[in-house]
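A quick write-up on the structure given underneath.
The values are calculated or read from the model by the stated rules, or taken from the named source; none is laboratory data. Worth saying up front: this structure is predicted, and the values here are computed from it rather than measured. Virtual Cβ from ideal backbone geometry, glycine too; neighbours counted across all protein chains shown. Quick note on the areas: whole protein, heavy atoms, side chains included, nothing else; ligands and nucleic acids left out. Shrake-Rupley method; radii C 1.70, N 1.55, O 1.52, S 1.80 Å.
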Amino acid sequence: MTAPLRRLAMPRFRGPEWAWLLAVGVFAVAVNALVVTLNPPVPRIHDEFSYLLSADTFRSGRLTNPTHAHWPHFETMHVIHQPSYASKYPPGRGLLLAGGWLAIGTPLAGVCFATGLATVACVWMLRAWMPLRWAMIGGLLVALHTGVQLQWGASYWGGGLAMAAGATAIGASARLAAARLAAARQLLLSSTLLGVAAVALAVTRPFEGVLLLAGSSLVVGVSWLRGEGTPWGKIATRVLPPLGVIGAFGIAGLLAYNHAVTGEMLRMPYQVHESEYGATPLFLWQTPDTGHTYRHQPLARYHLAASMWWYDHQQSLSDLVTMKAWLTKCSLEFFLATPVALALLATGWVRRQTLWPWLGVGLVVWAVSCGAVWMFPHYLAPAAPLLLLALVAGLRSLRTIERRLPSGRRWITPSLLVLHAVVFAFAAIDYAKRPRSSWAHARAAFAQKLQQTPGDDLVFVHYADDHNVHDEWVYNRADIDNAPIVWAREISESADDRLRNYFADRNAWTVYADEQPIRIEPRNATPPAIANAAASTPLAGG
């Protein structure tokens, strides 16, 4: 590799540090915006619809929504209707999407912002161990990461916000661990950011967040107790007060949210959902609860079969090892789908002792997370920056080894970085060309077609007996009565007629979601002109 190409792959970053942080964040946002513009994502996974419900609620100025009079028609996955109508998830992701929705007019703006925030937070975290040049290289690895940009950044349920919170918590904790070397102002900033990150983890990934914070606190505590000259006075006046104040506000906010949604401060929406619908336990040592009565077959099949499959396939030791090995492999493929991953082979030559306890924290988070039934890449997002830390440390170690070689052979590290960008470019092109022919695109096309016809609509969704429970059409806006389209489950002729009469001023339809092509029929006394307009173009699906 020629010298100009090496300088391009591994540039020098001179000037104010804040300017480079801002630049790499803007770059990550721009890449994400380009990705979702070339092939706009539509909600497909149950979780995405639930997060969008949360975002729609917050952007309307409410913490939750009143229970609808005909709520059994609107039951669906990951949503509660009693004692109020809301997402089961913590509010962090919904607040992020709502912010983007209000600011730019689309919740995807919140997704892009989370990607930029995660990139900036990772650079700031890396600066606790290495010079700006290497920290910026780490940030560019995130900004051009296929998983972060093309999966998390192209959906409504990614881990960008949790990754940003995790990186901030790790970076702040590393700076606090070196308290004796830090100025009082830096201690105040680090403790403030740690408090904010802890709250962000509590409202995004609370379980994994607690594991990360516990491990980080242990490393910080040991460092303070073993170090000489620990400034206990500064810790008492600059570290503990911000943590206490921010933590108190965060806890108060969560308690207020719980009370608004569930009527009880100490009862989370997630708990309400699981008590009403959940059959599969969260942890492997818990017992399934299969005594629920479900009003709709898709919900029963989802909770008693599709979800329970994960629990059932981890009950023997051999099945447990196989499943956790596969889930770990999926996470590693997500985070390390890059030629730069080869640099991990050089991480063992890293001699900085302050690095290894933090990498150990990441291993602990992974190990304890194995006790949960599910363990997907976005679950591990809070600890993902520690894998980035190991990766960049390996690159830096590899570069140190290369410097012992003749000038013409110092090409391995810059070549890996160039290949990382090339792999991302090809993956992005592949994503942009991805066909828009899934059931989710068919649902979105149907909704768009209805909105082009006069009046609002009520859509009854009819499923076949072999319906795939992961292809769920029945999700609604926060304000159901004033939504342009209301999606409903069929219950019985009399119950459906009551709902039809409740929405008497709407055009009513039945969509046969599992037919090929998807079939749409007017329901009851829908004006023929409107029926013809909506049915004029067949919908693809599958």
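Between rounded, prolate and oblate, where does the range 379-461 land on the alpha carbon gyration tensor, with a ≥ b ≥ c its root eigenvalues, rounded for a/c under 1.5, else prolate if a/b exceeds b/c?
Values: a/c = 6.35, a/b = 2.92, b/c = 2.17.
The shape class here is prolate.
Could you provide, to the nearest whole Å², the per residue accessible area of the range 245-336 with probe 1.4 Å?
Counting only protein heavy atoms, the per-residue value for the range 245-336 is 55 Å².
List every residue whose amide H lies under 5 Å from the amide H of ASP514, counting only residues 5 or more places away in sequence or on a different chain, with H placed 1.01 Å from N in the peptide plane.
ALA464
Hey, can you list the DSSP H helices of the chain whose Cα span along the axis is 15 Å or longer and whose average Kyte-Doolittle score is at least 0.5?
Qualifying helices, which must be both long enough and hydrophobic enough, are 17-38, 92-104, 108-126, 132-143, 160-177, 184-202, 206-226, 240-262, 317-335, 356-369, 384-402, 412-432.
Which one is right for this structure if P(r) over Cα pairs in 10 Å bins from 0, in percent is calculated from it: [x] 3, 12, 19, 25, 25, 12, 3, 0, 0; [y] 4, 18, 28, 28, 18, 5, 0; [z] 3, 16, 26, 25, 17, 9, 4, 1, 0?
[z]
With all protein chains present, how much of the accessible area of the chain (probe radius 1.4 Å) comes from carbon and sulfur, to the nearest whole percent?
63 percent
Ignoring ligands, DNA and RNA, what accessible area per residue does the range 145-209 give at 1.4 Å, in Å²?
In whole numbers, the range 145-209 has 30 Å² accessible per residue.
Tabulate in residue order the Karplus-calculated ³J(HN,Hα) for the range 471-478, using 6.51 cos²θ - 1.76 cosθ + 1.60 with θ = phi - 60°, rounded to whole Hz; enter x for Gly and Pro.
So the J values, rounded to whole Hz, are 9, 9, 8, 8, 9, 10, 6, 5.
Given the C-alpha centroids of the range 480-515 and the range 34-80, what is the distance between them in whole angstrom?
The two parts, judged by their Cα centres, are 18 Å apart.
Amide H neighbours of LEU458 under 5 Å, at least 5 residues apart or on other chains, H built in the peptide plane: list them.
Those lying under 5 Å, H to H, from LEU458 are VAL486, ASN507, ALA508, TRP509.
Using a 1.4 Å probe, what is the accessible area per residue for the range 430-477, in Å²? Intermediate values should be presented prior to the final figure.
Details: 2330 Å² over 48 residues.
I get 49 Å² per residue for the range 430-477.
Return the aspartates and glutamates within reach of LYS449: Cα separation strictly under 17 angstrom, same-chain partners fewer than 8 residues apart disregarded; answer none if there are no such residues.
Excluding near neighbours in sequence, the set is ASP457, GLU521.
Compute the separation of the alpha-carbon centres of the range 273-317 and the range 164-198 and state it in Å as a whole number.
About 40 Å separates the Cα centre of the range 273-317 from the one of the range 164-198.
By per-residue mean of other Cβ atoms within 10 Å, what is the highest-first order of 147-158, 291-302? Could you put the intermediate results ahead of the total?
Details: 147-158: 23.9, 291-302: 15.0.
Per-residue mean Cβ counts within 10 Å order the peptides as 147-158, 291-302.
Highest mean first, what order results for 111-123, 268-280, 343-355, 314-326 on Cβ atoms within 10 Å?
111-123, 268-280, 343-355, 314-326
Which whole-angstrom value gives the distance between the alpha carbon centres of the range 86-145 and the range 413-441?
20 Å
For the chain, what is the mean residue ellipticity at 222 nm derived from helices alone (per DSSP H run of n ≥ 4: -39500 (n - 2.57); sum divided by total residues; nearest 500 deg cm²/dmol)?
Estimated from H runs of four or more residues: -17500 deg cm²/dmol.
Do you know the relative contact order of the range 288-439, to the nearest whole percent, from alpha carbon pairs under 8 angstrom that are 6+ apart?
27 percent
Only four residue types carry charge here, +1 at the Cβ of Lys and Arg and -1 at the Cβ of Asp and Glu. Report the dipole size of the chain about the Cα centre in Debye, rounded to the nearest 20.
Here the size comes out at about 3460 debye.
At a probe radius of 1.4 Å, what is the per-residue accessible area of LYS234, in Å² to the nearest 10?
Only protein atoms counted, so the area is about 80 Å².
Do you know the relative contact order of the chain, to the nearest whole percent, from alpha carbon pairs under 8 angstrom that are 6+ apart?
It rounds to 17 percent for the chain.
Using a 1.4 Å probe on the protein heavy atoms only, what accessible surface does MET308 show? Give it in Å² to the nearest 10.
Surface open to solvent at MET308 totals about 10 Å².
What are the aspartates and glutamates whose alpha-carbon lies under 16 Å from the alpha-carbon of LYS329, with same-chain residues fewer than 8 places away excluded?
Qualifying aspartates and glutamates at Cα under 16 Å: ASP319.
For ASN65, what residues show an amide H to amide H distance below 5 Å, using hydrogens built from the backbone and excluding near sequence neighbours?
Close amide H contacts, sequence-distant or interchain: TYR85.
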